[in-house]
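Just below is one structure, and these are the notes that go with it.
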Amino acid sequence: MNILLKISGIVIIIVGMLLTMRPDLIVPSASHYSGYEMIEKRVGWGFVIGVGIFLIVFQQWGQWGMTIWAFLAALSCGIVIARLTGLLLDGFFMKQLIWLVIEIVVGAIFTLLYSRLTSR
């Protein structure tokens, strides 16, 4: 069961990264968006990357509190990866950098809460 979750997590991350790099595979005519809007389109696929990270990393099924904090931390990590990809491909925008810092802080808070539960 555990190896099946890890394999599916890897496949989900690959699909998420592919769609983050090429959102025009799903969204038709993505070329008319500005750089800022393209980054926002890419960030949506960060949720897919986050689900894949969650399936690979999380091992302790059964405790709801730990599962929720781990899921939120993994989603934050996926969103950060997608936003960084967008910044590299579409250019740097100050507003996007502010969002990136906010997401990193929120992800760190979720990770801290998760680590506090696992240390008990």
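Some observations on this one:
- Residue in segment 60-68 that is among the small types (G, A, S), within 16 Å of T111 (Cα to Cα) and either in a helix (DSSP H, G or I) or out of contact with any Ser or Thr (no Cβ under 9 Å at 6 or more places or on another chain) (or both) present: yes
- Filter pass, F47 being over 20 Å from V11 (Cα atoms) and surrounded by fewer than 19 Cβ atoms within 10 Å (Cβ to Cβ): no
- Criterion violated by G62 - all others in (1) under 22 Å from I3 (Cα atoms); (2) modelled with pLDDT of 95 or more; (3) exposed (fewer than 15 other Cβ atoms within 10 Å of the Cβ); (4) not aromatic (F, W, Y) satisfied: (2)
- Considered as a group, the residues in segment 87-120 that are in a helix (DSSP H, G or I) and among the charged types (D, E, K, R) include one that is surrounded by the most Cβ atoms within 10 Å (Cβ to Cβ), and that residue is E103.
- Condition check for I14: in a helix (DSSP H, G or I), β-branched (V, I, T) and either touching a strand residue (DSSP E or B) at 6+ places or on another chain (Cβ under 7 Å) or modelled with pLDDT of 90 or more (or both): yes
- Positions within segment 54-97 being touching a Lys or Arg at 6+ places or on another chain (Cβ under 9 Å) and on the phi > 0 side of the Ramachandran plot, in sequence order: none
- Neighbours by Cβ (under 6 Å, 6+ apart or cross-chain): first from segment 19-30, at pLDDT below 80; second loosely packed, with under 15 Cβ neighbours inside 10 Å: A30/D24
- Residue within segment 66-86 that is more than 19 Å from V11 (Cα to Cα), surrounded by fewer than 15 Cβ atoms within 10 Å (Cβ to Cβ) and in contact (Cβ under 8 Å) with a residue 40 or more places away in the chain present: no
The values are calculated or read from the model by the stated rules, or taken from the named source; none is laboratory data. The shown structure was predicted, so the numbers you read here are calculated from the model rather than taken from an experiment. Cβ coordinates were reconstructed from backbone atoms using ideal geometry, including for glycine residues, and neighbour counts include every protein chain displayed.
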